[in-house]
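Just below is one structure, and these are the notes that go with it.
The values are calculated or read from the model by the stated rules, or taken from the named source; none is laboratory data. Note that this is a predicted model, so its numbers are computed, not measured. Positions of Cβ are backbone-derived with ideal geometry, glycine not excepted, and every protein chain shown enters the neighbour counts. For the accessible areas, the whole protein counts, side chains as well, though only heavy atoms, and no ligand, DNA or RNA atoms are used. Shrake-Rupley method; radii C 1.70, N 1.55, O 1.52, S 1.80 Å.
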Amino acid sequence: SFQNEINEVPFFDVQLPYELALKIFQYLGKAELGRCAQVSRTWKVLAEDQVLWYRLCQEEGFLLDLSISDHSCWKLALKNCQARERTLKYNWKNRIGAVSQLRYELGKILCDVHSCEGVVIAGYTSGEVRLWDTHSWDYTAPPLLAVHDPGHAGPRPHVCFVRINSSLAVAAHEDGTISIWNVLLGQEPIHHYQHNQRVQALALGAEGAAVATASGFEVRVETPRDTGFWQTTATFEIQKLVNFLNLVPDVVGSPVAVAAAEDIVYLLKAEGPAKILHSVYGQPVTCLDVSAHEAAFGIKTFGWLLNEPNQILLYNLETNQCLTKVGNSIGDFTCVNLHASPPHLLVAGNKDRRVRVFDVRRSEAVCSLYAHQLGVSAVQMDDWKIVSGGEEGLLCVWDQRMGTKLWEMHARHPVRHVWFNSHSLITAHIPEDKNPRGGSSTDDDLAVHRKYRGIIYSYEFSVEQLAGDSVLPICRSSYAEVTGYNYNIGLAVPYDSI
């Protein structure tokens, strides 16, 4: 080929070896490479070298898991990736997609929901735990069976917490039992253990296999040994009842947890006793989130000091120092998302109905959005959008830079879980009242008390995902629902008119 014949590349009045010329070209962006390709035949071959375009593709965050030999034309691959990204952004902004409900009627009332990369776990008042995989069109996922206790008769206790990551699913029941399943295998739990009191908080590492639970005045961390058998890695005695518990992601060696117990925040490392990270008497913690190196939590001041309203504190977990304080709000901060936010930013929701994005370098709010009538209950953001959920059941999608609302959806119950990636969104509306009057859990009529049950929605904005082997979602339907959806979520249409 022509490329093999090129040994020397003309650079004005200097002849350079091909490898050296390639090294110079690697500092150029897409537009500059396009201009260089128009200079001469030799420069065109150089500017379209696969190494350059593979590197550009990686720098922009596309196809990171592929090697250079996986594509014959990386310039085209990058172009396709960018076109897909633009389409996804357009679909998000204009609410073009498919929406599905993840219902499990036999589970009675929804208690807790969590998700990881499109796999959703839900716990119910019947004591059952259910999985869905939203990437497969029929949403099938392995069933999770309970531990069979021969001496345990009658209804199973409610599920109070569920968590999931890429390999494990965990559920905590009202009676203090914790069950851990392998997500791929499902079926019987691979490990279970018992607290003698109700579990107040449950944490599962974002990756790996570490589970932390808080019950009474004790926090327990469980991990598997190399042989596969689980063991209690650490037990911590704490003076107060834990409200929030998180495991620090990306920790090498034994797991590290952060626990908030009323007005004290603890750093829990296996080597020693519980270490106090922050403590101000009479200022309880209202929300907590942890990233690899930092912990962010909201504190409530009760307005004793008028010059110090409610704030979010950001602590460095290596130095145990407070990095910054952000927000001056009369309302309590009800939710904060640090781990999924872009660098140097965090997003928080407040009882004063506002969603705020803070730049932690400048300790100030980048934007403040007036959103929810009864207070904000769940938030997540990426580099251009914010998704927020409220106590009144409203889900809002915002354009962060413009500070404008793109669209909203409403359901009866408070939004307790929000998760999204580039092409999908999962939200859970979980009822406050687990034993509604007239909606008794023993009632077997599935239709009557549907309004009390709570609901999980899965939104899909990707064109490829919608295609689903080129069969329209409406043609795969069981026709059990009264209405079907076309691609635009805003348009619900009866089946008769299709």
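Across the chain, counting alpha-carbon atoms alone, Rg and Dmax equal 26.0, 90 Å. Dividing the helix sum by the residues of the chain, where each DSSP H run of 4 or more adds -39500 (n - 2.57), gives a mean residue ellipticity at 222 nm of -3500 deg cm²/dmol.
Going highest first, how would you order 30-37, 425-432 by mean Cβ packing within 10 Å? Show your work: numbers first, answer last.
Values: 30-37: 13.9, 425-432: 21.6.
Result, highest mean first: 425-432, 30-37.
Please say if region 18-92 is rounded, prolate or oblate, where rounded means a/c under 1.5 for a ≥ b ≥ c the square roots of the C-alpha gyration tensor eigenvalues, and otherwise the choice is prolate for a/b larger than b/c and oblate otherwise? All intermediate terms of the calculation are to be shown ahead of the outcome.
Working: a/c = 2.39, a/b = 1.70, b/c = 1.41.
Verdict is prolate for region 18-92.
What shape does region 239-384 take by its C-alpha gyration tensor, where a ≥ b ≥ c are the square roots of the eigenvalues and a/c under 1.5 counts as rounded, a/b above b/c as prolate, and the rest as oblate?
Oblate, because a/c is 1.5 or more while a/b does not exceed b/c.
Relative to the Cα centre, the charge distribution of region 280-420, modelled as +1 at Lys and Arg Cβ and -1 at Asp and Glu Cβ, gives a dipole magnitude of about 240 debye.
Treating only the Cβ atoms of Lys and Arg (+1) and Asp and Glu (-1) as charged, compute the dipole magnitude of the chain about its Cα centre; round to the nearest 20 debye.
Values: 43 positive and 55 negative charges, 234 e Å.
The calculated dipole for the chain is roughly 1120 debye.
Of all lysines in the structure, the ones whose alpha carbon falls short of 18 Å from that of LYS275, not counting any fewer than 8 places away in one chain, are LYS240.
The Cα-based radius of gyration of region 225-281, divided by its Kirkwood radius, gives an Rg/Rh of 1.02. Accessible surface computed residue by residue for the chain, with neighbouring protein chains in place and a 1.4 Å probe, gives 49 Å² per residue. When all protein chains stay in place and ligands, DNA and RNA are ignored, the 1.4 Å accessible-area order of LYS44, LYS89, LYS23, largest first, is LYS23, LYS44, LYS89.
Could you tell me which trypsin sites (Lys or Arg not before Pro) in region 308-370 are loop residues by DSSP with no more than 15 other beta carbons within 10 angstrom of their beta carbon?
When the trypsin sites (Lys or Arg not before Pro) of region 308-370 are filtered for loop state and at most 15 Cβ neighbours within 10 Å, ARG361, ARG362 remain.
For LYS108, a cut-off of 25 angstrom between C-alpha atoms picks up these lysines, skipping any fewer than 8 places away in its own chain: LYS434, LYS451.
Which entries of LYS351/LYS405; LYS93/LYS325; LYS44/LYS75; LYS30/LYS93; LYS300/LYS325 have Cα-Cα distances beyond 24 Å here? The answer is LYS93/LYS325; LYS30/LYS93.
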